[in-house]
Amino acid sequence: MSESQRLLMRLHPVTILCYMSAVMGIAMFSMNPMIQGCSTVSACVLLRILSERIAWKRIPVFLFFCGVIAMLNPLFYHNGMTVLFYLNGNRITLEAVRYGLCTACMIGGVFLWCCSLSRMFTGDRVQCLLGTISPKAALICSMALRFLPIYVRQMEKTRAQQQILGLYKERTLIDRIRGNLRVFAAVTTWAFEHSMHTADSMQARGYGARKRTQYRKQRFGRLDAVLCAIIAVLFITVVIELGRGSIAMRFYPVTDMLPIGVESVITYVCYAAVCMTLPVMLIAARKQ
């Protein structure tokens, strides 16, 4: 286990939840390009630190969806004063392109943050966070988080087996659709059978007969308290400036200039500090 993984194991689930809530909460309610840029870059850095293999898979998907959203927005929304060109009699405006790019960064950045969250929130952390409030809800969430990667691996295994048997063909689009439907049906049947075995196993082991115990104790230590305090101060500062409108931007009919002033710069620095808190800690732990 690397030092960065040990640091993540030390952090309490409440600390990770506060960090993710602060980062994604601000990113989802601000259309400022600087905020979206900080969010996207930090999400890419964190995901690469957590898992380079998943980062190389998810980042191209992020770029693809960003490109699709950025192209679709000016095709359907023709507001704006700066006309770039006409397409089938419809105006393609610079303001619509800018708004589409900002929206794409927001959606893609939140998508990458959710990928990192799924890597950090294991079943034990979900049980620790929700176990005292609702043990049944915690169990359902942890089982769902565990089941999704198992389902994906089983689908890949079933597809490989059908390719060996010659049942899965990719010659035409119809063949691919039929093959994927066959794989989906087989894996869905396996999932139902697997869930029945899981229920029988839990009943045989006496689930619910006594008070549930945790496999791993999670303690809220000094490091968690300091991190939560820093994140809370920075988050409140950014939220206050968002409420005052110091970094607000309008894209239509003419895009405003990027707010650059004392208050806006402080807001950008605070949000960048919130975003890079965990990545910087993990990078520092890895170099030790």
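The values are calculated or read from the model by the stated rules, or taken from the named source; none is laboratory data. Remember, predicted model here, so these are calculated numbers, not experimental data. Here the Cβ positions follow ideal geometry from the backbone for every residue, glycine too, while neighbour counts run over all protein chains shown. Note: areas computed on protein heavy atoms with side chains; ligands, DNA, RNA excluded. Shrake-Rupley method; radii C 1.70, N 1.55, O 1.52, S 1.80 Å.
Using the 2.2 N^0.38 Å rule of thumb for compact globular proteins, work out how region 19-111 stacks up: its C-alpha Rg over that value, please.
That works out to 1.22 for region 19-111.
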Taking the Cα atoms of the chain, report the difference between the largest and smallest coordinate on each principal axis, in whole Å and largest first. 67, 59, 37
Cβ-derived FRET efficiency at R0 22 Å, PHE65 paired with LEU181, nearest 0.05: 0.35
Surface share of carbon and sulfur [accessible, 1.4 angstrom probe, percent] for the chain: 66
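Computed FRET efficiency, Cβ-Cβ of GLU193 and LEU17, R0 45 Å: what is it to the nearest 0.05? Don't jump to the answer; show the numbers that get you there.
Numbers: r = 34 Å, r/R0 = 0.76.
Working from the Cβ atoms, E equals 0.85.
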Compute the accessible area per residue over the chain, keeping the other protein chains in place, probe 1.4 Å, unit Å². 61
Can you list residues from other chains, or at least 5 along the same chain, whose modelled amide H is less than 5 Å from the amide H of THR93? LEU84
Spin-label model distance (nm) - ILE283 vs THR82, 7 Å beyond Cα toward Cβ: 3.2
At a Förster radius of 41 Å, what calculated FRET efficiency corresponds to the Cβ-Cβ distance of ILE266 and GLN5, to the nearest 0.05? 0.75
Given a 1.4 Å probe and heavy atoms of the protein chains only, how would you sort PHE220, PHE121, largest accessible area at the top? PHE220, PHE121
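Gain in length, LEU165 to SER51, computed as 0.36 nm per residue apart minus the alpha-carbon separation, to one decimal in nm? Walk me through the numbers before you get to the answer.
On the way: separation 114, 0.36 × 114 = 41.04 nm, distance 3.35 nm.
Working it through step by step, the gained length comes to 37.7 nm.
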Expressed as a rounded percentage, what relative contact order does the chain have, with Cα pairs under 8 Å and six or more residues apart? 30
Could you give the nm distance between label points at GLU156 and PHE220, where each point is 7 Å from its Cα heading toward the beta carbon? 3.8
Ordering LEU167, LEU117 from largest to smallest accessible area (1.4 angstrom probe), what's the sequence? LEU167, LEU117
